[in-house]
Structures are given as structure tokens and as C-alpha cells.
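The values are calculated or read from the model by the stated rules, or taken from the named source; none is laboratory data. Quick caveat: nothing in here was measured; it's all calculated off a predicted structure. FYI the Cβ positions are ideal-geometry reconstructions off the backbone, even for glycines, and counts take in every protein chain you see. Keep in mind that these areas ignore ligands, DNA and RNA; they rest on the heavy atoms of the full protein, side chains included. Shrake-Rupley method; radii C 1.70, N 1.55, O 1.52, S 1.80 Å.
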Amino acid sequence: MQDTDQAPQQGQNPHIKPEPVSRPAYSRGKALGISAILALVAGLVASLVAVLVMAFLRVVLGIPTPVELFGDFVLKHLQAGPFVDLLVRFSPNSKTAPQGLALLGMIALGTALGLAYAILTRLRLPLERGYRPGRPEWLIALGMAVVMTLLAVLLFWNEVRQNFLGLPINWAITATALGLLVVFGLYAVTLCLSYRALLPKLASPASAALAQSRRQLLTRTGVAALGLGAGAGSFGLIKAYLSNYAGYDGQKTIFRNGVTQTVTSNEDHYVVTQNTDDPTTNIDLWRLEVQGLINRPGTYTYSELQKLPSTSRAITLECIANGPGGRLMGNAIWQGITLRSLIEQHGGIQSGATFVSLYSVDGYNVSLPLNEVLAVDALIAWRMNGAELPMRHGYPLRALIPGRYGEENPKWLTRVELTDHFVGGLYSDQGWYNGMLHTTSRIDRPYGTVAVGSAVEVGGIAFAGARGIQKVEVSTNGGTTWNVAKLQAPLSQDSWVQWTYEWLPLIPGSATLLVRATDGTGELQTSKRQSTVPNGATGLHTIQVAVK
């Protein structure tokens, strides 16, 4: 075993040979046991310091934590079915519980790495030298920090581009890599110092045994206090992180008195997010980058972007998790520049460009066939219903791709890139459907009980994305016969359609109401029941009404 503890003690004359010091009898088993236990303690303290640092970087600088990077990496390697099963299993804490387990796993791994450090340093007990680590110990700690950082960057390369304050992608990659180096560097430094401080020392002939024992006790107490302080600080920062928890995830569009408003207010519009804590974009840091196979790549600040020619259009968004009769959909008036106009601002498309990839500041990305996106006149929007985009709806910029499910309309947009290939992302990697959304229709009223012999207005909405709605039919007898409903003119080709039908119930009892729609191409909505996972739900909305 190596023994680096040969330097003369401070105050000794180097020309005088020190008196031989008898080393206490430490059997191999005892030495290994003490080293292992203290290495684990040092690893735990270092891990808590690392958690404190990474939580600080996340809350203050928006740098993603290793836990978040790991979670994003794992989710991309799950198929849609197991992913949804996990959400159900951990409900109602579907995001915080897995992150908490990942955090505990990180602390456990950091604790275990203390053993690896002890094996590499091979210090012989008891130590003959004091509390300063030697050069080999520092080099081993430095090597661990560098290796962990490189492994994390390489493993999470597709995840490190995120920054929750809105840094452009290349700056975000740099900031995340530096953040990982800081976290792992401070872990390694703490591990090196703590392990050396905790190990038993050989009593020096020049110092009193009691004084040496007292110093050892104070040092170990200091290490324990460091661990407790780091744990308490981490708890406070994690609490601050969770204070911005996106509890509105899965919020359904609100409707009142059985009537869905033609335009959904910003407050009532449905919201879905992948994040535990959504980005809080700093507009001074944020940029929109237009890159790839385009003749003149460029970058915009927020104020520069708003000087481009803009248009306003009603576009309905629907979540892929929306089932028959569901309310994970809403309709708003969006203002921004069309993708086609944005491309024209940059001199047009280069040959070979077949896909458009949309990147968000939180690391989310979507890749779609360019010709399909241009065909539906996709919008890059910065206003919603006449107001600046709310933070939860993607401030400062989001993409609207008519006819696609909401998951393919990314929020917090930071880069538009034209490519000659498909770029994988969270939902595509999980195997979710990424085609044009299915035709859907919904009955909003009546519900409960209606009076026999009195006219009742049956009403709701129908939606088929950019295909539009040609016809809506209602059945009041379980699908035996169908009646054509009256359609209200839609606000745009990309907006839902409101419909009504006047029903005169004449027979007391229970009535089964159904609705179906025909899209603008003449295709009838399917009655086949299909779950939302992974291809989006299909089937007709059916309700029971009591006639009295």
C-alpha cells in the first residue's frame, strides 16, 4: 500500500532525525473496515454538498441538475405505454416522486463512490501526516471530477442544451457543462478533504495525546456539520424550486353552464407541460435562432422579432391525451409570423431541406416534415388573445402547427432549424403518434335531466384540425338514427366548430345521445374506440340523459 505521509511535522528541525514512532497495531481487516466506513461517510457529506450546489445552480442560474438530465434521458428510452404506467403508478406525484427517487439514487451513488476513492488513494492507517491531502489524493479527486463530468456530458448530450432562464442552445450547452464540472468538482474536493479529515492520525511525539484527540474530534465534528449544513441548505433550495411547481399541468379548458366559449381565455385554456418547474425566461438572455439548411441563418432578440410582419389567426390546440368528450383542448387567437414568412426573411430554403426541427429552452424538441408544416401555414407566435404569451403557454415564443396534437406545438421556442433528416425527441422516441390529429366531436349540453315534451338545445364542438368540419350529426336514440346539426361559422380553418341541434324528447326514460362529425375532406369520424396511448384516442362521445 502507498504511504504518502512522510513529510516532517511543522516545527521540527529537518536535520535532526525524529524519534521512531511505533505505529499502533491495525490489522488488515480493522484498517479496511475503518477506511470503508469513513469513506462512506465522506462520500455522503460530499454528495450533500453536491446537491446543495446543483440546487443553487438550478434555482439561481437555470442550469439543469444531473437529476433532471438523467430523468430526461431515461424518459426518451421508455415506450409510451410504460411511460404512462409510471405516471399512473406515481400519481398524484407523477413528476416529483421519480425525481425524488433519482435524487436519493444520486446521493447513494455519491456515497458509494467514497469507497472507490478510498481504494484508489490506498492510505495506510493510522496516517502519519496531518489533515492536508497529498498530491496523489488531489490528483485522484481531480481525475474523478473530470471523468464524471465527461461521462455526464457524453451520456446526456441531447439533454444538456436546456437552460431554464432561456439561454440560446450553444450557450446553454456550455453553461450546463460548466455547471456539471462545478457540481462534480466540489463533490470531489469535499470527498478528498473529508476523507483525510476523518481518518485516524498517528500521535506525534511532539504533541500531547489529549490535544491531538481534541483536534481529531473537532475536525470530525466539522465534517458532520458540513454535511448537516449542506443537507439543510439543499432542503431550502429544493423547497424554493418546488414553490414554482407546475401544478397546472393537465389543466382542462374550463366551460360554464354547458357552453364552450368560441375563444378560450388565457386563464381557462388547457395546459400540459413536461416540466416539474417550467422555464422563467429572461428576455435579455433569450434569442430565436433560425439555422440549418436556409440561405441566410440569423438570430433575433425579442424586440427584433416583433418588428417582423405578423398575422393573427384562431388555432385550436388539442392534447394527444384528450379522449372522447375530453376538455384537454382550447381555442385562442394567436399572433406572430408564419413559418413561411420567416423562411422568406432568410432568403429561402436550401436544397435538401425536408424537415423542420423546433427546439425549446427546456430541452424539448419536435421534428416534422417541412412540406406538411408549410402546407398548414404554421405560425411562430408571441401573443395569445391580444396579450403577451403567458409564461405557462410558452413565453416568449411558441410554435403553432395546425392539425397536429399539442405535443407537436412546442412552447418556449428558441431555435428553428431546417434539416435533411428527422431529429428524435421525447414523444417521438417514446413512439407516440405524430400524424395529423383525429377528428373529434363533443356534447357540452344537456347533462342530467331534461323535461319531456319541452325543446332542448343539444350543443357542443367539433374539430378536425386543418381539415375543417363539413358536417355534424346527433343521435338521441343510441345511434339508431342521426340528425344533422346546425354549424356556427368557425373563426378560421384551424378552429373548432360550434354546433347545435334542437331536440324534442317525447318519451320518458333514459336517452342515449351521441355525436359524430365529418371533416372537410368528407371523411366520417370513426366510431372505433381507441385509447390515447400511443396513437391518440378515437370513438364517439356518448352521454346518458334522463327524460322526465
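Figure legend. Inter-residue proximity from the stretch 396-407: first residues in contact (Cβ under 8 Å) with a residue 12 or more places away in the chain, second residues of a type in the set (G, A, S) and assigned to a strand (DSSP E or B), beta-carbon distance below 8 Å, spacing 6+ or different chains. Indicated pairs: L397/G336; L397/A381; R398/A381; A399/A381; L400/G336; L400/A381. Within the stretch 457-472, the set of residues being in contact with a Pro (Cβ under 9 Å, 6 or more places away or on another chain) and on the phi < 0 side of the Ramachandran plot comprises E457, V458, G459, A466, I469. Annotation note: of A455, A466, A399, A451, the sole residue that is open to solvent by 20 Å² or more (accessible area, probe 1.4 Å) and touching a helix residue (DSSP H, G or I) at 6+ places or on another chain (Cβ under 9 Å) is A466. For the structure I just gave you, tell me whether R215 is assigned to a helix (DSSP H, G or I), crowded, with 22+ Cβ neighbours inside 10 Å and touching a strand residue (DSSP E or B) at 6+ places or on another chain (Cβ under 9 Å). Spelling it out, it is not the case that R215 is assigned to a helix (DSSP H, G or I), crowded, with 22+ Cβ neighbours inside 10 Å and touching a strand residue (DSSP E or B) at 6+ places or on another chain (Cβ under 9 Å). Could you list, in sequence order, all residues of the stretch 379-432 that are among the polar types (S, T, N, Q), within 21 Å of P168 (Cβ to Cβ) and more than 16 Å from the chain's Cα centre (by Cα)? Across the stretch 379-432, the qualifying residue is only T419.
Being in contact (Cβ under 8 Å) with a residue 24 or more places away in the chain and closer than 30 Å to P66 by Cβ: is that true of V356 here? So V356 does not fit the description; no.
Of all residues in the stretch 281-294, those that are in contact (Cβ under 8 Å) with a residue 60 or more places away in the chain and open to solvent by 40 Å² or more (accessible area, probe 1.4 Å) total 6. Would you confirm, using the coordinates I've provided, whether V376 is closer than 16 Å to L413 by Cβ and either open to solvent by 10 Å² or more (accessible area, probe 1.4 Å) or under 23 Å from the mean Cα position of the chain (by Cα) (or both)? The answer is no for V376. Tell me, which residue of the stretch 412-435 that is among the hydrophobic types (A, V, I, L, M, F, W, C) and surrounded by fewer than 18 Cβ atoms within 10 Å (Cβ to Cβ) is farthest from G363 (Cα to Cα)? The residue in question is F422. When restricted to residues that are over 14 Å from L317 (Cβ atoms) and touching a strand residue (DSSP E or B) at 6+ places or on another chain (Cβ under 8 Å), the stretch 373-404 contains 10. For the stretch 295-309, state whether one or more residues are within 22 Å of E407 (Cβ to Cβ) and either in contact (Cβ under 8 Å) with a residue 60 or more places away in the chain or part of a helix (DSSP H, G or I) (or both). For the stretch 295-309, residues within 22 Å of E407 (Cβ to Cβ) and either in contact (Cβ under 8 Å) with a residue 60 or more places away in the chain or part of a helix (DSSP H, G or I) (or both): absent. Just one of the listed residues (L127, L115, L139, L120) is touching a strand residue (DSSP E or B) at 6+ places or on another chain (Cβ under 6 Å) and either farther than 24 Å from V160 by Cα or of a type in the set (F, W, Y) (or both), namely L127.
Only a single criterion out of (1) among the hydroxyl-bearing types (S, T, Y); (2) closer than 24 Å to L87 by Cα; (3) modelled with pLDDT under 95; (4) crowded, with 19+ Cβ neighbours inside 10 Å is not satisfied by Y245, namely (4). Condition check: at pLDDT below 95 and aliphatic (A, V, I, L, M). Does A118 satisfy that? In short, no. The residues of the stretch 157-199 that are more than 26 Å from Y395 (Cα to Cα) and in contact with a Leu (Cβ under 6 Å, 6 or more places away or on another chain), listed by number, are L198, L199.
Against the test of being under 25 Å from A375 (Cα atoms) and free of Cβ contacts under 8 Å to residues at least 60 places away in the same chain, the options A466, A489 yield a single qualifying residue, A489. With the structure loaded, tell me whether G298 is open to solvent by less than 30 Å² (accessible area, probe 1.4 Å) and either over 25 Å from the mean Cα position of the chain (by Cα) or closer than 27 Å to N282 by Cβ (or both) or whether it fails that test. The answer is yes for G298. Of all residues in the stretch 264-280, those being open to solvent by 30 Å² or more (accessible area, probe 1.4 Å) and of a type outside the set (A, V, I, L, M, F, W, C) number 4.
Determine whether G536 is within 37 Å of the chain's Cα centre (by Cα) and part of a loop (DSSP other than H, G, I, E, B). Taking the combined requirement at face value, the residue satisfies it. Within the stretch 511-518, is there a residue that is in a loop (DSSP other than H, G, I, E, B), of a type outside the set (A, V, I, L, M, F, W, C) and within 19 Å of P446 (Cβ to Cβ)? For the stretch 511-518, residues in a loop (DSSP other than H, G, I, E, B), of a type outside the set (A, V, I, L, M, F, W, C) and within 19 Å of P446 (Cβ to Cβ): absent.
Is it the case that the stretch 467-479 has a residue that's in a loop (DSSP other than H, G, I, E, B), in contact with a Ser or Thr (Cβ under 7 Å, 6 or more places away or on another chain) and under 30 Å from Y359 (Cα atoms)? Among the residues of the stretch 467-479, not one is in a loop (DSSP other than H, G, I, E, B), in contact with a Ser or Thr (Cβ under 7 Å, 6 or more places away or on another chain) and under 30 Å from Y359 (Cα atoms), which makes the answer no. Residues considered: V59, V41, V51, V67. Of these, the only one that is buried (at least 18 other Cβ atoms within 10 Å of the Cβ), out of contact with any Gly (no Cβ under 6 Å at 6 or more places or on another chain) and over 21 Å from A108 (Cα atoms) is V59.
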